[in-house]
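Below: one structure, written as structure tokens.
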Amino acid sequence: LARQLGTIAERRRADVTLRESEGRYRAVAQSANDAIITIDRAGNIAGWNRGAAIIFGYTEAEINGQPVTLLIPHRYHERHLAGVHRIQSGGESHIIGKIVELEGRRKDASEFPLELSLATWESLQGWFVTGIIRDITARKQAEAELSKLNMAVDASNEVIFMTDLEGVIRFMNPAFTRLYGYAAAEVVGKATPRILKSDVVPREVYRSFWNAILSKQVVTGEMFNKARGGRLLTVESSVNPILNEQ
């Protein structure tokens, strides 16, 4: 009898510990901004947090027990089902334990880019997959804007280059090579604008130029620069200090 009572007490303590652990997990999951979604062996949704509701538009009551394919664009359904079957059969998954970029489908049928990481786990209730999903729409839009800016800079006929605070050139566009004759491999990370320095400009002009830049002023005007081979060029320049949070 004493042994039975001890076993019952141990089970109760284990149940309390399990409930506490589940409570902590649910509190963390519900406070996360990312979607945390769990699916069971049948491919149905068994776990849904507040972040998932915000990102996908379904409430927990609407989505629990529904197939996860509701969240996947139709053109990817066959690929998803084949991947789930492969994992269930003990095969190797291509994305478990990795961070991958895919596309999701909201309740209103709109699609968006997402970042996904998956983990499989088992309990007394069965086999599950939990995914952490981040909406990367804003990041993709920023990358697209940056890509357009880069294309515009590369296509420009104006020379554009950037230096760090030590004056080392960190970026140059193709127009730099066309005008001055230096390839990017020779210049970026290796040279300073001194390679363009001409003897006709007094040293004091360069000194005042850099002092103005370091004082966060924009400097514009004509400058005499020297191209590769010694050819003297008269250029109109505008130099802007670039500031970050520091």
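Values computed for the structure shown
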quantity	calculated
Single match in Ile136, Ile213 (criterion: of a type in the set (Val, Ile, Thr) and more than 29 Å from Gly229 (Cβ to Cβ))	Ile136
Residue in segment 137-159 that is among the aliphatic types (A, V, I, L, M), surrounded by 14 or more Cβ atoms within 10 Å (Cβ to Cβ), farther than 30 Å from Gly43 by Cβ and touching a residue at least 60 places away in the same chain (Cβ under 8 Å) present	yes
Hits in segment 32-52 (condition: in a strand (DSSP E or B) and without any contact (Cβ under 8 Å) to a residue 60 or more places away in the chain)	Asn44, Ile45, Trp48
Close pairs from segment 79-106: first within 24 Å of Ala53 (Cα to Cα), partner open to solvent by 80 Å² or more (accessible area, probe 1.4 Å) and modelled with pLDDT of 85 or more, Cβ under 7 Å, at least 6 apart	Glu103/Glu111; Gly104/Glu111; Arg105/Glu111
Residue that is nearest to Ser117 (Cα to Cα) [pool: residues in segment 38-56 that are open to solvent by 10 Å² or more (accessible area, probe 1.4 Å) and within 23 Å of the chain's Cα centre (by Cα)]	Ile55
Which listed residue is open to solvent by 40 Å² or more (accessible area, probe 1.4 Å) and assigned to a strand (DSSP E or B), from Trp121, Trp127	Trp121
Gly181 vs. criteria open to solvent by 70 Å² or more (accessible area, probe 1.4 Å) and either acidic (Asp, Glu) or touching a Gly at 6+ places or on another chain (Cβ under 7 Å) (or both)	no
Qualifying residue in segment 186-201 (condition: of a type in the set (S, T, N, Q), open to solvent by 50 Å² or more (accessible area, probe 1.4 Å) and free of Cβ contacts under 8 Å to residues at least 60 places away in the same chain)	no
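A quick yes/no check of all residues on (1) in contact with a helix residue (DSSP H, G or I) (Cβ under 8 Å, 6 or more places away or on another chain); (2) among the small types (Gly, Ala, Ser):
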residue	(1), (2)
Arg139	no, no
Lys148	no, no
Ala155	no, yes
Ile160	yes, no
Asp164	no, no
Ile169	yes, no
Tyr182	yes, no
Val187	yes, no
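The values are calculated or read from the model by the stated rules, or taken from the named source; none is laboratory data. Keep in mind the model is a prediction, meaning the values are calculated, not measured. Quick reminder, even Gly has a Cβ in these numbers, built from the backbone with ideal geometry, and neighbours come from all protein chains shown. Just the protein is used for accessible areas: all its heavy atoms, side chains included, with ligands, DNA and RNA removed. Shrake-Rupley method; radii C 1.70, N 1.55, O 1.52, S 1.80 Å.
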